[in-house]
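Novice: Before anything else, here's the structure in question.
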């Protein structure tokens, strides 16, 4: 049995909180994003958080360390937009392999430092694979419903490059997250299976969708159950939801998921809903109480935070989760 499976049998695992929220605290300028290496790059780079792995590696390292310090078992690599599709916005497609490899390597180093301090609590690295900013199953043009901004094959090629680099940089797990279009996710999962075959390895895969609004559906229109069926052909480490909603709004969908799957269940909700200024106001104490309800209802095996969460949120979530046994997995019919 792998270390991650063993850990999941023993306890509820804690995923880290938001990377973007933490990076905002640094107030990095255009010059900070560029660093010395990209000082003369002809296009604006501010906002390309993945690039900070190369230009501000100490900040990325420190954020991982703060989450481990708060009690996280798993940190995500700084690679949410790390495909040629995402990097095209910044004219940096050629950097994709390096960005993913270095992000995984930095997270791996910090994880190993914390595992060495406490070998009874091994720390893991999840290679973060975001949804890209294009959708394969819907048209971005209301006047041309048949148009697609990207094809399945384009996504497959982009994801394969990212997956190769994340694995070779030292990821323990691959996390396909914030899925709003399941066809994009299927391309990522297909890419992972192809890379696993090419490298002759197996690596656990987490899948996390996002319910976009009160309709209880993903952006591409799937219900919880339809989303689950769409991705259950692959033996996953876990399936879950993240982003878009706060812990209280997410709970009914998580409950439906937990009752319909024999996979481990994960959740990393936002710190509530954004206010009028796009800020997240939910305190660590408020979020802890809401996560306690998940635990009381035996819904989760892996819990963390998304937008607006920081190490304080994760610390209190870890404290309450330590008092509970992981969700028992029963075979579903």
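Novice: Could you list, in sequence order, the residues of region 36-83 that are part of a helix (DSSP H, G or I), touching a strand residue (DSSP E or B) at 6+ places or on another chain (Cβ under 6 Å) and touching a residue at least 60 places away in the same chain (Cβ under 8 Å)?
Specialist: Result: 67, single match.
Novice: Could you grab me the full set of residues in region 7-27 that are buried (at least 20 other Cβ atoms within 10 Å of the Cβ) and either out of contact with any strand residue (DSSP E or B) (no Cβ under 9 Å at 6 or more places or on another chain) or in a loop (DSSP other than H, G, I, E, B) (or both)?
Specialist: 12, 16, 17, 18, 22
Novice: I've got another one for you. For region 230-270, which positions are within 25 Å of residue 282 (Cβ to Cβ) and assigned to a helix (DSSP H, G or I)?
Specialist: Hits for region 230-270 are 247, 248, 249, 250, 251, 252, 253, 254, 255, 256, 257, 258.
Novice: Just give me the residues in region 28-68 being closer than 18 Å to residue 87 by Cα, crowded, with 16+ Cβ neighbours inside 10 Å and under 19 Å from the mean Cα position of the chain (by Cα), in sequence order.
Specialist: Within region 28-68, 48, 49, 50, 51, 52, 53 meet the criteria.
Novice: State all residues of region 169-219 that are without any contact (Cβ under 8 Å) to a residue 24 or more places away in the chain and part of a loop (DSSP other than H, G, I, E, B); if no residue qualifies, say none.
Specialist: Answer for region 169-219, where residues must be without any contact (Cβ under 8 Å) to a residue 24 or more places away in the chain and part of a loop (DSSP other than H, G, I, E, B): 200, 202, 215, 217.
Novice: If a residue must be in contact with a strand residue (DSSP E or B) (Cβ under 7 Å, 6 or more places away or on another chain) and part of a loop (DSSP other than H, G, I, E, B), how many such residues does region 124-168 contain?
Specialist: Residues flagged as in contact with a strand residue (DSSP E or B) (Cβ under 7 Å, 6 or more places away or on another chain) and part of a loop (DSSP other than H, G, I, E, B) within region 124-168 amount to 2.
Quick note: the coordinates plus some simple rules give every number you see, no bench work behind them. Worth saying up front: this structure is predicted, and the values here are computed from it rather than measured. Reconstructed Cβ throughout: ideal geometry from the backbone, glycine too, with neighbour counts over all protein chains shown.
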